[in-house]
Amino acid sequence: MEAERKKKKRTSAKTLQTAREAGYFGKKMLQNALKAREEGRPTAWSMVTWWEGELIAKAMGVELVFPENWGAFCASVRAAEPHLDRSHGEGFPSTLCGYARNCLGYARNMADNNLEVPPDAPGGGLARPTFLLSSGAACDARYKWFQALGRYLEVPVWTLELPHTGVKEYFLPGNKEHNIRFIVSELKEYVAFLENLLGKKLDWDRLSEIVDQTFKTLRIAYEVDLLRKAVPSPMVAQDFWSIMIPHLYLPDDPEAYEFYKRVYDEVKYKVDNKIAAIPNEKYRMMFSELPPWHTLGFFDEIAERYGIALVIESWSYHAIPPIPEEELEGVTDPLELIARLTYRMWTGYNETALEYGVDPGFFMSAYLKWAKEYRADGLFCHPLMSCRPATYTLLHTGNVLMDKFKVPSVVIDGDIVDLRVFNEEEAFSKVEAFVETMDHYREVRKKEGLPW
Amino acid sequence: MTGEKKNKGLARAAEIYQSRDKRARELKADGKKVFGYFCCYPPVELMTALDILPFRIMGDMDEPITVADAYLPTIMCIFYRSCFDIAKKGRYDFFDGFIGAHACDGAERVSHIWRYYIKSPCSFFLDIPHTSHSAAIDFFKVQLNYFKETLEEFMGKKTSPERLKEAVSLHNRQRALVRDLYDLRKSDPPLITGSETLQVLISLMCVPVEEGNTILEEVIEEVKERKELPEKKACRLLIWGSLIDNTAFTDLIESSGLNVVIEDTAIGTRPFWHDVELTEDPMDGLALHYLKEFRCPRTFRETGPSYREDLESRFGYLKEFVKDWNVNGAYLNIIRNCDIHGYEVPAVRDYLEGLGLPVLVIEQDYSTAALEPLRTRFQAFAESIG
Amino acid sequence: MFFAGLDIGSTITKIVIKTEDEIWTSVIRPTGAEHRRLAHKLMEEALQKANLTFGQLDYIIATGYGRINVPFADRQVTEISCHMRGINWFFPGVKTIIDIGGQDCKGIKVNNGKLVNFVMNDKCAAGTGRFLEVISEALGVKVEEIGDISLRSTNPAKISSLCTVFAEQEALLRLSEGVSIEDILAGIHRGIATRIYSMVERINIEKEVALTGGGVKNVGLRKALEERIGFPAVVPPEPLITGALGAALFAQEYVGRIDKKELETRKKERRLEAVTFFGEGPTRGQNG
Amino acid sequence: MNSKETLYSAGLDIGSALSKAVIMKNRTVLSSSVRPTEGNFSHAANTVLNDALEKAGLSHSDLASIGACGLGASFLAYPFTKITEISCHSRGVNYFFPSVRTVIEVGNQASRVINVTKEGKVADCIVSDRCAAGSSRILQIIAKVLKVDLKDMGPLSLKSTNPVRFTTGCAVFAETEAISRVAEGMRKEDIIAGLHQALAARISAMAQRIKLKEECAITGGGAKDIGLVRAVEGKIEKKLLVSDDPFITGAIGAALIAVEK
């Protein structure tokens, strides 16, 4: 029986009809960039900047591709390894981010091919960029990596700033507005850089349109998250990992908005009719950080075997709770709207952090809010060998969840790219034992009067 | 007693190096406030101006990391894991304040986690922009002002621009003295070894600036008059990369046929190489200095139009080191999981090899216990030069 | 004149005695835990085989993991330089050397007989000879045979673990699943070859490439490596002794630099004694 | 389940190094069998089960249930309930010591620290990371290097006065270190004690991640090594209970859980 299971295809089954359509958006991005390149229009490789830099580039007519996303794609089709080996051979330490190493190895292959896409590149490859858009948000890799690409691609790099405020410091009088002013002035310099590079002026009306559309898409994506609080869970992480692509990368695309409306309707229907995403939901777990892209079927298996639903996941890929209306009153400058949006992403859970006296607000505090709201029985921690900074706060998060809410966590090592790190047998055995742990803490929470 | 006199500064530095917290604890007993800080980005001048002793937080390569495992995953920067580990074991229980910094991912995340588990009466997390655009420098100044106000509130007193300028001058004096000390390593053999230099530099980071300056003056005098010089080796080595804070490491290198003559690291030249400009508002000079003049790869520098020009703008300063210190080999020291230096390896290697230097790269585990296996590499490197 | 090179590796000790022009004799013995101290016994054996007395050796160089504190050696040189020199003697045109030893694996770049760059594996034993020993032991096959067996594979298995201990278990699991030993071994060789290749590629693999060290005796590994590199490599007649040979060659070179009289005094003072580790013990302990 | 009825059950723990089987009559162990797995999981499993059945004077058809855990449990030819080792060890320790709330299991591939409920269920669990450094496999490797019988490692270790400092995580590199230390003339007992210290440090670091409860037990192959047990006790500053036969703890747990399922 075991051997039979192994032979099954290991991609995950999505529980939402709409989630099955989301793959379209990933392909669309890659193809648009290749087409732009062919037609001589500007293209860029961009980090996920949480809308800070992408929207402006799009308003300037730049087609963006995201090497992080493409790294996940390469891993999911198991095509990353040759790139990793190449990067290792170039002298980059093998401890660096897997997405980065995948991209550096690919860039080296491009350099060997007159900077054109190598014929066998996975998914059609990343089109040659006009410039690189790196970001100081989240981790050092996301600007060091693009800087390191200078070795292969002699194109300009722009690094976006995003303040990393401590929770206590965020609440110092005036600091939040200083931070937003700083982002705005940085964005002005970024606009000047683009105008200079591309030899044309930014169409501010177009930018405003894009920003409006983005706010709309993110709003509805957020509302989908709210629906997911329902018991039983109408949608699980296996779905989310597909549907996150449109709002994270293409929120300005009217198609993305239309897509989310359909997602919303489908999830709403399931909530209203109490249709569960997985049969026999027994345990509700939160998930952190990125999943093992190459072995997603694992999550269907633990749903089937133990009734585990991953009800909410991975803070950094979610639409943020909307900005309070009073904060946006009278704000019309699209740069300021962008600044407030992205800064909100990184500070939106600071109130929660303050409430529980914890640091940092980002990466961990969302789970504190979610634990209660989503009635979580546990946290599934998936530390990533090759996305280490996302992992640094995992144990801390687990400790605090236990401390404050008696919600246990289980740590299962894995990786987004390097499939050798994830050991399925061991993972199953840990999850099986963790089921007993969740039972135990349900009792403990009950005794301590916690509401779930 | 004459021997002691002859070696006053060096002996004092060695003594402080051995028990780094001893002087700080003494001063604390006398009522002085002591603040621990991460990396070399939080301006020590601000602490000095408010009569606070800035104490640089380091790890301990001799101490196996055990306690930190419950809080920090094993795959993160080993240096910061070690800092947290020994702090959790009580080694830094004398801090009145903790200054975290957004220097790199490791420093930033551990700063947050530290504040939750290790309580100090006062704490501040200093955000540091990643670029040195003019907007970033303005923003950094704002953050430095918040930092200053936090200190002022804790100390219950204000500092004045004059007092701050005095502090800047005192620290500038220290920087100038350190550069004088480095000058004594230009000769062949260098007049002072890498291990001795490291002891002196670390001692400076554990005592008040005036005491540090006295040590430096004495050391310089002693070293200048040296009769017994360090042994002359085939290789004059430049160290670039992650910091080294234990002489066991430099001893290993220097006993493998290499003379360490200059270290471009966070406990080497980096904190000392430029003076802080005495601007009218001293905060301007500080913001400019710490964000722009520091040469740590954690700050993004604009790429040039071509790779070669980019290398020149990012690593051009190394050329001066190589020329003036007559360097003939370079060692790139990467503490495992140090991303900011790790990404730089191929580029800095290209640059140094372009200068005609052989380059040795080692990713090490920040543990004296794991040093011995590295000996063969250093020896082979020396053999390839000699 | 006679020059001796002594290569005390982590698993095997090798001695080469050579004259000005040729290898006079060589001895290869397992090092083992207690044998490390018995290098002098092995030297006696080599001398006996060569029909020489200790006094006839003009210069002795120790290399390898255990090179430090060999009291009867005139000098120590790292095994990296020695492998380079030994290979250079066999194959002057070689630019890249891959040495697969018992506990480590190195890549060495040579230019005009000079060491210009090198890399070594660190931290992890995957990709070393010891890795293969552990696996062969687990599979119940002789380590000398695993190369040949792996060549019979038609469908190499995927062994994804890099850790020796985990790879061992993975191999056992595959075996229980009915995967043939030759496929498992071929998979393991392929994995190791990939690891070694990407490590050495950091110093840029250039033609000619020489393979040396105990690991190369394994034809399966050699084939997998050559496939990965993309062209055939040269292998010295006895890949185990390149380090010791290099040491002997260095001995020859050093003798040229020393005054005759000094050499004679030195030779007289030299004693063939057991390896000592005085002064090192206490610093390694941990008290309390 | 009717408790008055006599019920025979078997528990198997087919590990990478050892295969263990027990036959139980209700909650009493009738017989057990332990043998090296030697790479053949199904053969080893059959052998230990048959051996244990024979000792108990029973045949396969007498068994009402079979539970199995361990790396090789998937290879059994007959129907059984597969249970994770973590649950089996919790339950097994609970069987020996009902008051124990924390179990430290030092196995061949991994080490675990498990907090157990009074019913013997898992309340919390930490497993060593994806590196064999914290496992007892290293003890076998070093025993071989030092030419010491595995069972003598513990007593020898206790004689040490100056444990050698072990540094590396890698089991294979630890072997190199041990070889070097022997060559340097360090005593075997100091080397073994150093190894025990290093292992104990890793285990206690894990143990610190979950709160250790009042009564603790140690199980798995590592529990057979008194040197390791003492070293861990020293690090966690607690006394550890050791059952008479720590090898079969998992197998007992497997048998007990299988009966319930």
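The values are calculated or read from the model by the stated rules, or taken from the named source; none is laboratory data. Predicted model only: the values in this text are computed from it and were never measured. Cβ coordinates were reconstructed from backbone atoms using ideal geometry, including for glycine residues, and neighbour counts include every protein chain displayed. Side chains included, ligands, DNA and RNA excluded: accessible areas come from the protein's heavy atoms. Shrake-Rupley method; radii C 1.70, N 1.55, O 1.52, S 1.80 Å.
Here are the numbers:
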{"quantity": "Count of segment A:393-426 residues which are free of Cβ contacts under 8 Å to residues at least 24 places away in the same chain and of a type outside the set (A, V, I, L, M)", "calculated": "7"}
{"quantity": "Some residue of segment C:119-130 being more than 9 Å from every other protein chain (Cβ to nearest Cβ) and over 24 Å from B:Arg349 (Cα atoms)", "calculated": "yes"}
{"quantity": "Meets criteria (assigned by TED's automatic domain parsing to the domain that holds D:Arg209, closer than 15 Å to D:Gly11 by Cβ and open to solvent by less than 10 Å² (accessible area, probe 1.4 Å)) for D:Gly120", "calculated": "yes"}
{"quantity": "Residues satisfying the stated conditions in segment C:180-197, i.e. within 21 Å of the chain's Cα centre (by Cα) and within 14 Å of chain A (Cβ to nearest Cβ)", "calculated": "C:Ile188, C:Arg190, C:Gly191, C:Ile192, C:Ala193, C:Thr194, C:Arg195, C:Ile196, C:Tyr197"}
{"quantity": "Criterion (closer than 20 Å to B:Asp310 by Cβ, open to solvent by 10 Å² or more (accessible area, probe 1.4 Å) and under 25 Å from the mean Cα position of the chain (by Cα)) met by exactly one of A:Arg128, A:Arg151", "calculated": "A:Arg128"}
{"quantity": "Boolean, D:Arg181 is in contact with a helix residue (DSSP H, G or I) (Cβ under 9 Å, 6 or more places away or on another chain), part of a helix (DSSP H, G or I), open to solvent by 10 Å² or more (accessible area, probe 1.4 Å) and touching a residue at least 40 places away in the same chain (Cβ under 8 Å)", "calculated": "no"}
{"quantity": "Test set (1) within 14 Å of chain B (Cβ to nearest Cβ); (2) farther than 30 Å from A:Leu64 by Cβ; (3) open to solvent by 10 Å² or more (accessible area, probe 1.4 Å) - A:Lys274 fails condition number", "calculated": "(1)"}
{"quantity": "Residue ID - nearest to the other protein chains (Cβ to nearest Cβ), chosen from residues in segment B:146-161 that are buried (at least 17 other Cβ atoms within 10 Å of the Cβ) and not basic (Lys, Arg)", "calculated": "B:Tyr146"}
{"quantity": "Some residue of segment B:156-165 being farther than 28 Å from A:Asp140 by Cβ and under 24 Å from the mean Cα position of the chain (by Cα)", "calculated": "yes"}
{"quantity": "Residue match in segment A:151-173 (condition: under 30 Å from B:Tyr351 (Cα atoms), acidic (Asp, Glu) and in contact with a helix residue (DSSP H, G or I) (Cβ under 7 Å, 6 or more places away or on another chain))", "calculated": "yes"}
{"quantity": "Selected residue (only one of C:Glu206, C:Glu264, C:Glu253 is in the same structural domain as C:Asn111 (by TED's automatic domain parsing) and of a type in the set (Asp, Glu))", "calculated": "C:Glu206"}
{"quantity": "Hey, C:Ile98 touching a helix residue (DSSP H, G or I) at 6+ places or on another chain (Cβ under 8 Å), touching a residue at least 40 places away in the same chain (Cβ under 8 Å) and more than 14 Å from chain D (Cβ to nearest Cβ) or not", "calculated": "yes"}
{"quantity": "Scope segment B:122-143; condition among the hydroxyl-bearing types (Ser, Thr, Tyr), more than 20 Å from B:Leu50 (Cβ to Cβ) and either more than 7 Å from every other protein chain (Cβ to nearest Cβ) or not in a loop (DSSP other than H, G, I, E, B) (or both); matching residues", "calculated": "B:Ser132, B:Ser134"}
{"quantity": "Those residues of segment B:63-121 which are within 26 Å of A:Met385 (Cβ to Cβ), more than 10 Å from chain A (Cβ to nearest Cβ), open to solvent by 30 Å² or more (accessible area, probe 1.4 Å) and not β-branched (Val, Ile, Thr), in sequence order", "calculated": "B:Glu63, B:Pro64, B:Lys88"}
{"quantity": "Meets criteria (in contact with a strand residue (DSSP E or B) (Cβ under 6 Å, 6 or more places away or on another chain) and within 12 Å of chain B (Cβ to nearest Cβ)) for A:Asp415", "calculated": "yes"}
{"quantity": "Qualifying position, being within 14 Å of chain C (Cβ to nearest Cβ), open to solvent by 10 Å² or more (accessible area, probe 1.4 Å), touching a residue at least 40 places away in the same chain (Cβ under 8 Å) and farther than 15 Å from A:Leu290 by Cβ, among A:Arg86, A:Arg78", "calculated": "A:Arg78"}
{"quantity": "Among (1) open to solvent by 20 Å² or more (accessible area, probe 1.4 Å); (2) more than 27 Å from C:Phe72 (Cα to Cα); (3) at pLDDT 85 or above; (4) within 13 Å of another protein chain (Cβ to nearest Cβ), the one test that C:Glu253 misses", "calculated": "(2)"}
{"quantity": "Residue list for segment A:373-390, restricted to those being in a helix (DSSP H, G or I) and either more than 21 Å from A:Pro451 (Cα to Cα) or in contact with a Pro (Cβ under 7 Å, 6 or more places away or on another chain) (or both)", "calculated": "A:Arg388, A:Pro389, A:Ala390"}
{"quantity": "Subset of segment D:224-252 (residues that are modelled with pLDDT of 90 or more, in contact with a strand residue (DSSP E or B) (Cβ under 6 Å, 6 or more places away or on another chain) and either part of a helix (DSSP H, G or I) or open to solvent by less than 10 Å² (accessible area, probe 1.4 Å) (or both))", "calculated": "D:Val229, D:Glu233, D:Leu240, D:Ile248, D:Thr249, D:Gly250, D:Ala251, D:Ile252"}
{"quantity": "Residue match in segment D:186-198 (condition: surrounded by fewer than 24 Cβ atoms within 10 Å (Cβ to Cβ) and either among the hydrophobic types (A, V, I, L, M, F, W, C) or modelled with pLDDT under 80 (or both))", "calculated": "yes"}
{"quantity": "Residue among A:Pro163, A:Pro129 that is within 30 Å of B:Gln143 (Cβ to Cβ), of a type outside the set (Val, Ile, Thr) and at pLDDT 95 or above", "calculated": "A:Pro163"}
{"quantity": "Unique match (being under 20 Å from the mean Cα position of the chain (by Cα), under 29 Å from D:Ile126 (Cβ atoms), among the small types (Gly, Ala, Ser) and at pLDDT 90 or above) among D:Gly11, D:Gly15", "calculated": "D:Gly11"}
{"quantity": "Output for segment C:198-212, where each listed residue is in a loop (DSSP other than H, G, I, E, B) and either in contact with a Cys (Cβ under 8 Å, 6 or more places away or on another chain) or within 14 Å of chain A (Cβ to nearest Cβ) (or both)", "calculated": "C:Asn204, C:Ile205, C:Glu206"}
{"quantity": "Among residues of segment B:334-356, those that are open to solvent by 10 Å² or more (accessible area, probe 1.4 Å), in contact with a strand residue (DSSP E or B) (Cβ under 9 Å, 6 or more places away or on another chain) and either part of a strand (DSSP E or B) or more than 10 Å from chain A (Cβ to nearest Cβ) (or both), counted", "calculated": "2"}
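Each row is one residue, and each column tells you yes or no for (1) assigned to a strand (DSSP E or B); (2) without any contact (Cβ under 8 Å) to a residue 60 or more places away in the chain; (3) among the basic types (Lys, Arg).
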site	(1), (2), (3)
B:Glu221	no, no, no
B:Pro230	no, yes, no
B:Thr250	no, yes, no
B:Ile262	yes, no, no
